[in-house]
Amino acid sequence: MTSSKKLEVQKDDQTPHKWCTSLGEEVFKRFFSQANPTVLKIFGDGSFFSPMLFGKFFDPSDAFPLWEFESDILLSHLRSSNQKTVDWYQTNEGYTLKAEIPGTGLNNIQVHVDNGKVVEISGQWKLQRDSKANDWRCGHWWEYGYVRRLEMPEDADSKNIEAHLCNSMFLEVRIPRSPQVCDPPQGKDVAASSVNIREKDN
(Lines give C-alpha, C1' and ligand atoms only; values in the text may rest on other atoms or scores of the structure.)
Protein backbone atom coordinates (compact mmCIF):
# COMPACT_ATOMS: atom_id res chain seq x y z
CA MET A 1 0.00 0.00 0.00
CA THR A 2 1.37 3.38 -1.02
CA SER A 3 1.49 6.14 1.60
CA SER A 4 2.08 9.78 0.70
CA LYS A 5 2.93 12.66 3.01
CA LYS A 6 2.88 16.30 1.98
CA LEU A 7 5.97 18.10 3.25
CA GLU A 8 6.02 21.70 4.38
CA VAL A 9 8.10 23.80 1.99
CA GLN A 10 9.93 26.31 4.16
CA LYS A 11 10.47 29.80 2.78
CA ASP A 12 11.73 31.80 5.76
CA ASP A 13 15.02 30.09 6.63
CA GLN A 14 17.40 32.89 7.64
CA THR A 15 20.25 30.68 8.88
CA PRO A 16 23.47 32.68 8.27
CA HIS A 17 26.47 31.10 6.52
CA LYS A 18 24.71 27.86 5.63
CA TRP A 19 26.43 25.91 2.84
CA CYS A 20 29.35 28.38 3.01
CA THR A 21 31.87 25.52 3.21
CA SER A 22 32.36 23.98 -0.23
CA LEU A 23 32.88 20.27 -0.71
CA GLY A 24 35.96 19.73 -2.86
CA GLU A 25 36.62 16.62 -4.91
CA GLU A 26 39.71 15.49 -2.97
CA VAL A 27 37.97 16.09 0.37
CA PHE A 28 35.02 14.03 -0.81
CA LYS A 29 37.25 11.17 -1.97
CA ARG A 30 38.89 10.96 1.47
CA PHE A 31 35.53 11.17 3.22
CA PHE A 32 33.90 8.57 0.97
CA SER A 33 36.84 6.16 1.31
CA GLN A 34 35.99 5.60 4.99
CA ALA A 35 33.52 2.98 3.71
CA ASN A 36 30.86 3.91 6.25
CA PRO A 37 27.75 2.01 5.05
CA THR A 38 25.48 5.03 5.61
CA VAL A 39 27.87 7.33 3.74
CA LEU A 40 28.10 4.89 0.84
CA LYS A 41 24.33 4.71 0.62
CA ILE A 42 23.68 8.46 0.78
CA PHE A 43 26.56 9.64 -1.42
CA GLY A 44 27.08 6.56 -3.62
CA ASP A 45 26.34 5.92 -7.30
CA GLY A 46 22.87 6.93 -8.39
CA SER A 47 22.08 8.82 -5.20
CA PHE A 48 20.34 12.18 -5.60
CA PHE A 49 22.88 13.64 -3.13
CA SER A 50 26.01 12.21 -4.73
CA PRO A 51 28.52 14.80 -6.03
CA MET A 52 29.01 12.40 -8.97
CA LEU A 53 25.31 12.29 -9.90
CA PHE A 54 25.86 14.12 -13.21
CA GLY A 55 28.81 12.00 -14.34
CA LYS A 56 31.52 14.30 -13.02
CA PHE A 57 32.14 15.98 -9.68
CA PHE A 58 29.81 18.81 -8.73
CA ASP A 59 29.40 20.13 -5.17
CA PRO A 60 25.72 19.46 -4.34
CA SER A 61 25.64 22.54 -2.08
CA ASP A 62 26.14 24.71 -5.20
CA ALA A 63 22.91 25.51 -7.03
CA PHE A 64 22.64 23.55 -10.27
CA PRO A 65 20.38 24.59 -13.22
CA LEU A 66 18.72 21.17 -13.40
CA TRP A 67 15.85 21.98 -15.73
CA GLU A 68 18.15 23.31 -18.42
CA PHE A 69 19.09 19.69 -19.17
CA GLU A 70 17.26 16.55 -20.24
CA SER A 71 17.43 13.89 -17.53
CA ASP A 72 18.14 11.01 -19.94
CA ILE A 73 21.11 12.92 -21.38
CA LEU A 74 22.60 14.23 -18.15
CA LEU A 75 22.11 10.88 -16.41
CA SER A 76 23.08 8.72 -19.42
CA HIS A 77 25.76 6.97 -17.35
CA LEU A 78 23.02 5.83 -14.92
CA ARG A 79 20.46 4.98 -17.57
CA SER A 80 22.98 2.70 -19.27
CA SER A 81 23.06 0.58 -16.09
CA ASN A 82 19.25 0.81 -15.76
CA GLN A 83 19.36 3.07 -12.69
CA LYS A 84 16.28 5.28 -12.41
CA THR A 85 16.60 6.68 -8.91
CA VAL A 86 16.36 10.29 -10.16
CA ASP A 87 14.24 11.90 -12.86
CA TRP A 88 12.94 15.34 -13.79
CA TYR A 89 10.86 16.87 -16.56
CA GLN A 90 8.80 19.91 -17.49
CA THR A 91 5.33 20.42 -18.94
CA ASN A 92 3.22 23.42 -19.88
CA GLU A 93 2.02 23.51 -16.28
CA GLY A 94 5.37 23.38 -14.52
CA TYR A 95 8.44 21.42 -13.45
CA THR A 96 8.67 18.09 -11.63
CA LEU A 97 11.52 16.34 -9.83
CA LYS A 98 11.36 12.75 -8.62
CA ALA A 99 14.11 11.19 -6.54
CA GLU A 100 14.69 8.24 -4.27
CA ILE A 101 15.84 9.39 -0.85
CA PRO A 102 18.31 6.73 0.33
CA GLY A 103 18.05 5.69 3.96
CA THR A 104 16.74 9.01 5.27
CA GLY A 105 13.11 8.64 6.28
CA LEU A 106 10.13 10.91 6.66
CA ASN A 107 11.30 12.94 9.67
CA ASN A 108 14.67 13.79 8.16
CA ILE A 109 14.02 15.42 4.82
CA GLN A 110 13.46 19.18 4.51
CA VAL A 111 12.62 21.33 1.51
CA HIS A 112 13.52 25.03 1.51
CA VAL A 113 13.13 27.83 -1.01
CA ASP A 114 16.07 30.22 -0.90
CA ASN A 115 15.27 33.81 -1.95
CA GLY A 116 12.66 32.54 -4.39
CA LYS A 117 15.41 31.36 -6.75
CA VAL A 118 16.79 28.10 -5.38
CA VAL A 119 15.07 25.01 -4.02
CA GLU A 120 17.17 23.00 -1.60
CA ILE A 121 16.54 19.50 -0.30
CA SER A 122 18.48 18.48 2.78
CA GLY A 123 18.55 16.44 5.95
CA GLN A 124 20.80 14.95 8.61
CA TRP A 125 22.23 11.46 8.67
CA LYS A 126 24.36 11.95 11.82
CA LEU A 127 23.68 14.02 14.94
CA GLN A 128 26.26 16.48 16.25
CA ARG A 129 27.79 15.45 19.56
CA ASP A 130 27.94 19.01 20.89
CA SER A 131 24.41 20.34 21.29
CA LYS A 132 25.83 23.90 21.45
CA ALA A 133 27.67 23.60 18.16
CA ASN A 134 26.75 25.74 15.16
CA ASP A 135 24.09 24.59 12.73
CA TRP A 136 25.48 21.54 10.91
CA ARG A 137 24.86 23.28 7.55
CA CYS A 138 27.39 26.00 8.42
CA GLY A 139 30.53 23.85 8.54
CA HIS A 140 31.61 20.53 7.07
CA TRP A 141 27.98 19.72 6.36
CA TRP A 142 28.71 16.37 4.62
CA GLU A 143 29.93 14.95 7.92
CA TYR A 144 26.42 15.31 9.36
CA GLY A 145 23.97 15.66 6.49
CA TYR A 146 23.26 15.88 2.80
CA VAL A 147 21.92 18.49 0.42
CA ARG A 148 21.02 19.12 -3.20
CA ARG A 149 20.44 22.73 -4.26
CA LEU A 150 18.76 23.47 -7.60
CA GLU A 151 18.26 26.70 -9.51
CA MET A 152 14.64 27.29 -10.38
CA PRO A 153 13.68 28.39 -13.90
CA GLU A 154 12.87 32.07 -14.42
CA ASP A 155 9.16 31.34 -14.90
CA ALA A 156 8.88 29.20 -11.75
CA ASP A 157 6.21 30.11 -9.21
CA SER A 158 8.29 29.73 -6.04
CA LYS A 159 5.36 30.57 -3.77
CA ASN A 160 3.34 27.51 -4.75
CA ILE A 161 5.92 24.72 -4.69
CA GLU A 162 4.68 21.39 -3.38
CA ALA A 163 6.71 18.48 -2.04
CA HIS A 164 5.50 14.96 -1.26
CA LEU A 165 7.25 11.93 0.22
CA CYS A 166 5.90 8.53 -0.81
CA ASN A 167 6.55 5.46 1.36
CA SER A 168 9.11 7.52 3.31
CA MET A 169 11.69 7.20 0.51
CA PHE A 170 10.46 8.69 -2.79
CA LEU A 171 10.43 12.48 -3.02
CA GLU A 172 8.43 14.42 -5.58
CA VAL A 173 8.78 18.20 -5.94
CA ARG A 174 6.35 20.11 -8.15
CA ILE A 175 7.06 23.68 -9.22
CA PRO A 176 4.25 25.40 -11.18
CA ARG A 177 4.96 27.96 -13.87
CA SER A 178 4.11 31.55 -13.07
CA PRO A 179 1.16 32.64 -15.28
CA GLN A 180 2.37 36.26 -15.26
CA VAL A 181 5.49 35.16 -17.12
CA CYS A 182 4.17 32.67 -19.67
CA ASP A 183 0.73 34.05 -20.67
CA PRO A 184 1.27 37.65 -21.95
CA PRO A 185 3.72 36.83 -24.79
CA GLN A 186 1.20 34.36 -26.26
CA GLY A 187 -1.46 37.07 -26.35
CA LYS A 188 0.91 39.46 -28.10
CA ASP A 189 1.72 36.87 -30.75
CA VAL A 190 -1.95 36.29 -31.49
CA ALA A 191 -2.63 40.02 -31.76
CA ALA A 192 0.35 40.53 -34.07
CA SER A 193 -0.85 37.69 -36.32
CA SER A 194 -4.30 39.29 -36.58
CA VAL A 195 -2.78 42.61 -37.65
CA ASN A 196 -0.71 40.89 -40.34
CA ILE A 197 -3.77 39.10 -41.72
CA ARG A 198 -5.77 42.33 -41.93
CA GLU A 199 -2.89 44.10 -43.70
CA LYS A 200 -2.71 41.32 -46.30
CA ASP A 201 -6.48 41.49 -46.90
CA ASN A 202 -6.22 45.23 -47.56
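The values are calculated or read from the model by the stated rules, or taken from the named source; none is laboratory data. Please read these numbers as outputs of a predicted model, since none were measured by experiment. Reconstructed Cβ throughout: ideal geometry from the backbone, glycine too, with neighbour counts over all protein chains shown. To get the accessible areas, we keep the full protein, side chains included, count just its heavy atoms, and leave off ligands, DNA and RNA. Shrake-Rupley method; radii C 1.70, N 1.55, O 1.52, S 1.80 Å.
Odds and ends about this structure:
- Charge dipole magnitude, Cβ of K and R +1, D and E -1 - the range 1-148, Cα centre, debye nearest 20: 440 debye
- Within the accessible area of the range 97-175, the carbon and sulfur atoms contribute 41%, probe 1.4 Å, all protein chains present.
- GluC sites (Glu not before Pro) within the range 1-95, DSSP loop, no more than 13 other Cβ atoms inside 10 Å: GLU8, GLU70, GLU93
- Proximal charge balance of ARG174 [Cβ under 15 Å; K/R count +1, D/E count -1]: -2
- When you restrict to C-alpha pairs under 8 Å that are six or more residues apart and normalise by the size of the range 73-172, the relative contact order lands at 29 percent.
- Solvent-accessible area of CYS20 with every protein chain in place, 1.4 Å probe, in Å² to the nearest 10: 80 Å²
- Charge tally in the Cβ shell below 15 Å around GLN83, where Lys, Arg are +1 and Asp, Glu are -1, GLN83 excluded: 0
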